[in-house]
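J.: I have a structure here, written as structure tokens, and I will follow up with some questions on it.
The values are calculated or read from the model by the stated rules, or taken from the named source; none is laboratory data. Predicted model only: the values in this text are computed from it and were never measured. Heads up, the Cβs are rebuilt from the backbone with ideal geometry, glycines too, and the neighbour counts pull from every protein chain shown. We work out accessible area using only protein heavy atoms, side chains counted, and drop any ligands, DNA or RNA first. Shrake-Rupley method; radii C 1.70, N 1.55, O 1.52, S 1.80 Å.
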Amino acid sequence: MTHTRFAFVKAQWHADIVDRAYDGFTQTIAPAQVDVFDVPGAFEMPLMARDLAASGQYSAVICAAFVVDGGIYRHDFVAQSVVDGLMRAGLETGVPVLSVSLTPHNYQETDHHTAIYRDHFVTKGKEAAAAALGILKAREGLRAKAA
């Protein structure tokens, strides 16, 4: 692999939950290999992901957010826009852009729900690290076959 750095973008809405994805990610990939970028919310992630991917400094960009259903259309609109934007950023730049964005329909700001989602974000962070390493290995194999 030519790059061994990763960008990790975190939305700050529900940061106490979202930040746990980074904790999970760095259980597999050393924190020294990861640059962290905070953005206000999920909606701002695709632009930041595109800019980071286009910089040529990162092997992959990982984006984490928690988009909850507040009982209005915003939840579905934001979730779909974010996923579409992240996919587009990866396709436009050729750099893997991975999502650790959860969009539960039944989140309530109770200690119980918060604990559940904090733990779940750790798991999703670990999965994102495995996915990042997996896609990089697969692409490296593709380049080796082409050579």
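J.: Within the stretch 1-17, which residues are touching a Leu at 6+ places or on another chain (Cβ under 9 Å) and within 17 Å of Val67 (Cα to Cα)?
T.: Matches in the stretch 1-17: Val9, Ile17.
J.: Is it the case that the stretch 67-78 has a residue that's open to solvent by 70 Å² or more (accessible area, probe 1.4 Å), at pLDDT 90 or above and assigned to a helix (DSSP H, G or I)?
T.: no
J.: Which one of these is at pLDDT 80 or above, under 21 Å from Asp23 (Cα atoms), in a helix (DSSP H, G or I) and of a type in the set (S, T, N, Q): Thr123, Thr114? Steps first, answer last, please.
T.: Details: Thr114 fails: at pLDDT 80 or above.
Answer to the check: Thr123.
J.: Now, a different point. Could you count how many residues in the stretch 27-36 are closer than 13 Å to Ala128 by Cα and open to solvent by 30 Å² or more (accessible area, probe 1.4 Å)?
T.: Total meeting the criteria: 2.
J.: Next question, about the same structure. Give me the residue from the stretch 37-56 that is exposed (fewer than 14 other Cβ atoms within 10 Å of the Cβ) and over 21 Å from Ala79 (Cα atoms) and, out of that set, modelled with the lowest pLDDT.
T.: First pass over the stretch 37-56, keeping only residues exposed (fewer than 14 other Cβ atoms within 10 Å of the Cβ): 40, 47, 55-56.
The next check asks that each one be over 21 Å from Ala79 (Cα atoms); those that pass are 55-56.
Numbers: Ser55: 96, Gly56: 93.
Across the stretch 37-56, the extreme among qualifying residues is Gly56.
J.: How many of the residues in the stretch 83-111 are modelled with pLDDT of 80 or more, open to solvent by less than 40 Å² (accessible area, probe 1.4 Å) and hydrophobic (A, V, I, L, M, F, W, C)?
T.: The qualifying residues number 6.
J.: Follow-up. Let me spell it out: the conditions are (1) more than 23 Å from His112 (Cβ to Cβ); (2) assigned to a helix (DSSP H, G or I); (3) at pLDDT 95 or above, and Ile29 meets all of them except one. Which number is the exception?
T.: (2)
J.: Now for a separate question. Please verify whether Val67 is closer than 17 Å to Thr114 by Cβ and in contact with a strand residue (DSSP E or B) (Cβ under 7 Å, 6 or more places away or on another chain), treating the condition exactly as stated.
T.: Yes; evaluated as a whole, the condition is true for this residue.
J.: Just checking, how many residues over the stretch 1-17 are within 20 Å of Arg50 (Cβ to Cβ) and open to solvent by less than 30 Å² (accessible area, probe 1.4 Å)?
T.: Residues in the stretch 1-17 being within 20 Å of Arg50 (Cβ to Cβ) and open to solvent by less than 30 Å² (accessible area, probe 1.4 Å): 6 in total.
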